[in-house]
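First the structure, in the form of structure tokens, and then the observations on it.
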């Protein structure tokens, strides 16, 4: 039987998704951890633009391979909390430890998982029924963090330094996604020129991580001056408002007339890929980290003739979150400009509306599941 503290309740408050866009706060049984799992008291859960996609449209939320509507499903994928119970065989963590939670736990048995690419697990979503392969993706294929408790595999846990607030703890995984984007580009960014296109939360933390790793210059592009100003606070050496000047020409001018080594594309804008491949020098590398909403025509001839490399990432990978957590614990990264507002659990609909209205302002709204509004 799992080791469970006496003060863990049988029931919890959790939001469940009904029809598209309809959330209901209900009483739900507290899950119990199985082998290699812990029970987490969710102390804070950030709202991501992808949560809005899941709640209103479904994908990438696919519990059991089905759309998430009317399945007693709880969304929310960027959370941190405190370990309150241990499943069988768990000795890697102790009750009372503060942890952040990676979104994906791969099956551990497929080719991609064995390469450390658990966000590309070949058994993605197979976590129910006779052929349960053990894959989990919080808030996508399994219940997420808009609740008071959640179960997580030990492979997904990252310790949170005491110096970090709960709100900043939720940003560790976002910083880990930024770190993973730099990993796939080669990882050795010190002294290398980098452009980040799109100053949303991931783009802003790419700036912060890249500066912590010594990249120079780091150029940030966006269409809003307030987001660009936040990027400057996080370490961007130059900023370009793409709505007021030709962005490719501006990048090359700021880099002495040359293309840059790397671009991390975080905007999802219709022509972002074409602009990115023309920002890099020959042999340059581009990481695509944003979901585009419409198909785009890409200048393949330019990619081929200039030997440009394109990489796509989804979320975190290769334990990048642990390294990002270390940078934050050492105060090499200050992610506080990315978080702006905190709401209680029962205020989630208000928090979602606020996030939807202000998501273009590059904010992270956080919900605190252990509190209720006064």
Original post:
So, in Å, what gap is there between the alpha-carbon centers of segment 7-49 and segment 147-207?
Top reply: 23
Subject >> Rough spin-label spacing in nm, given labels placed 7 Å along Cα→Cβ, for residue 131 and residue 233 >> reply: 5.0
Original post:
To the nearest 10 degrees, how steeply does helix 348-358 sit against the main Cα axis of the chain, on a 0 to 90 scale?
Top reply: 0
Subject >> Neighbour-count order for 291, 146, 311, 140, fewest beta carbons within 10 angstrom listed first >> reply: 291, 311, 140, 146
Original post:
Once both labels are modelled 7 Å past Cα along the beta-carbon direction, what's the residue 25-residue 111 spacing in nm?
Top reply: 4.8
Original post:
Contour minus end-to-end for residue 53 and residue 296, with contour as 0.36 nm per residue of separation and end-to-end as the Cα-Cα distance?
Top reply: 85.5 nm
**OP:** Report the paramagnetic label zone for residue 258: residues of segment 196-233 whose backbone N is under 17 Å from a point 7 Å from Cα along the Cα-to-Cβ axis.
**Re:** 215-219
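Given R₀ = 22 Å, FRET efficiency for residue 216-residue 245 by Cβ-Cβ distance, to 0.05?
Numbers: r = 22 Å, r/R0 = 1.00.
According to the calculation, E is roughly 0.50.
Subtract the Cα-Cα distance of residue 72 and residue 97 from 0.36 nm times their separation in residues, and report this length gain in nm to one decimal. Could the numbers behind the result be given before it?
Values: separation 25, 0.36 × 25 = 9.00 nm, distance 2.90 nm.
In short, 6.1 nm is gained.
Cβ neighbours within 10 Å, averaged per peptide: list 231-237, 131-137 in order, most packed at the top. All intermediate terms of the calculation are to be shown ahead of the outcome.
Working: 231-237: 20.6, 131-137: 18.6.
Ranking the peptides 231-237, 131-137 by packing returns 231-237, 131-137.
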**OP:** Would you mind calculating the relative contact order of the chain from Cα pairs under 8 angstrom and at least 6 residues apart, reporting the percent as a whole number?
**Re:** 17
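Run the numbers for residue 224 and residue 346: contour at 0.36 nm per residue of separation, minus the present Cα-Cα distance, in nm.
So the extension gain works out to 40.7 nm.
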**OP:** Please give, to one decimal in nm, the separation of the simple spin-label points placed at residue 11 and residue 122, each 7 Å out from Cα toward the Cβ.
**Re:** 4.5
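Could you rank the peptides 66-75, 182-191, 19-28 by their average count of other C-beta atoms within 10 Å per residue, with the highest value first?
Numbers: 66-75: 19.4, 182-191: 16.8, 19-28: 13.1.
So the order, starting with the most tightly packed, is 66-75, 182-191, 19-28.
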Original post:
What residues from segment 87-124 fall in the zone where the backbone N is under 19 Å from a label point 7 Å along the Cα-to-C-beta line of residue 163?
Top reply: 98-100
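Every read-out reported here was derived from the displayed coordinates using simple, explicitly stated rules and does not represent laboratory data. Because the structure is a prediction, the values reported are computed rather than measured. Ideal geometry is used to build each Cβ from the backbone, glycine not excepted, and the neighbour counts take in all protein chains shown.
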